[in-house]
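The structure appears below as structure tokens.
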Amino acid sequence: MMFLIYLLMIICVLICVSFVTLLERKVLGYIQLRKGPNKLGFMGILQPFSDGIKLFFKEQTFPYKSNFMIYYISPVFLLMLSFLLWSLFPFLFNVFNFNYGILFFMVCTGMGVYGIMLSGWSSNSNYALLGSLRSVAQVISYEVSMIMIMLCIIIFVFSYNLLDMMYYQNLIWFIFMCFPLFFCWVSSCLAETNRSPFDFAEGESELVSGFNVEYSSGGFAFIFLSEYMNIIFMSLMTVIIFLGCDLWPLMFYIKIMMIVFWFIWVRGVLPRFRYDKLMYLTWKLFLPLSLNFFLFYLSLLVYMIM
């Protein structure tokens, strides 16, 4: 039964990914005063399935001097990590709920660095290698700030279990108790998922397409699926940590879609950062701010205990 429920959830997530891509193309189209895909099916609703079929039936190419095994395994590794992350979905009827959910989330997001690094290195392409190095530096830097923000929330809850977030936010959401941290968190989510304006791993103007430039067909589709599954999961974590985590009502899923829409809207509105400013943002703003909040909440806790 647990396996069937997990399988059903993964199928629903994959369908959600396909329609999030359609939503993104539509929203970006209207932001840029054009329609977006509108031919295939009613209002272009079958476009994601057409794209998926086209991707998986294209010819699979690979660079002649690439490290063949690692080159092929890296996209699968990234996709498996995304599937593992989704096992953290906080079911109320105790399917995969375990007490160290937040630690598991930190481990899986940290492991994603290796998939990006290996896919860029194994392609034996200068552009792919540069893209993967940028992405690794970016993800590692922003992970530090993310972990500090999560530690501030853990002080409130005193638990790594995601379901405890729901019980402790029954009367007041954590966003009202640490409003600046919420903005640091959503900005770090953009950087963690390599989304605009922090999409330096895929800077088209200087890197062609970044670490995935040599991938085609199924390999590219796996990287694409992994990226969008991570975007939806980071939206889920934002709702769980800051916006109440009320799992029963429909409002929970509406809040997730609002955060996903925000990811897309930011891509259409903001230009790309300069790389040094990206690094200054986390090391000189997010990290000191989250550390100060952490010490403040810790001192409050000690004061209350005394």
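Where a number appears in this text, it was derived from the coordinates with a stated rule and is not lab data. Computed from a predicted structure; not experimentally measured. FYI the Cβ positions are ideal-geometry reconstructions off the backbone, even for glycines, and counts take in every protein chain you see.
What the table shows:
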| quantity | calculated |
| --- | --- |
| Gap separating the Cα centres of region 20-79 and region 135-161, nearest whole Å | 31 Å |
| Computed over region 250-300, Kirkwood Rh from alpha-carbon pairs, angstrom | 13.8 Å |
| Label-point separation, L14 to V76 (7 Å along Cα→Cβ), nm | 1.5 nm |
| Residues S18, S226, S74, S50, sorted so that the one with the fewest Cβ neighbours within 10 Å comes first | S50, S18, S226, S74 |
| Net dipole in debye of region 1-96 [+1 Lys, Arg Cβ; -1 Asp, Glu Cβ; about Cα centre; nearest 20] | 400 debye |
| Descending semi-axes in Å of the chain, equivalent ellipsoid built from Cα gyration tensor | 32, 23, 20 |
| Region 1-73 shape via C-alpha gyration tensor axes, a/c threshold 1.5 | oblate |
| Hull shadow area, averaged, region 65-145 [alpha-carbon convex hull, nm²] | 6.0 nm² |
| Alpha-carbon centroids, region 249-282 and region 170-214: separation in whole Å | 6 Å |
| Residues listed by number, region 265-306, amide nitrogen under 13 Å from F158 label point at 7 Å toward C-beta | 301-306 |
| Kirkwood hydrodynamic radius of region 116-180, Cα pairs, Å | 14.5 Å |
| Sites T61 and I172 - FRET efficiency at Förster radius 45 Å, r taken between beta-carbons, to 0.05 | 0.25 |
| Projected area averaged over orientations for region 192-280, convex hull of C-alpha atoms, nm² | 7.2 nm² |
| 3J(HN,Hα) from dihedral phi, region 278-292, Karplus parametrisation 6.51/-1.76/1.60, rounded to Hz, x for glycine, proline | 4, 6, 4, 4, 7, 7, 9, 10, 5, 5, x, 5, 5, 5, 5 |
| Alpha-carbon Debye profile of region 81-220, log10 I(q)/I(0) at 0.10, 0.13, 0.17, 0.18 Å⁻¹ | -0.42, -0.67, -0.97, -1.04 |
| Given charges at beta-carbon only (K, R positive; D, E negative), |dipole| of the chain in Debye | 620 debye |
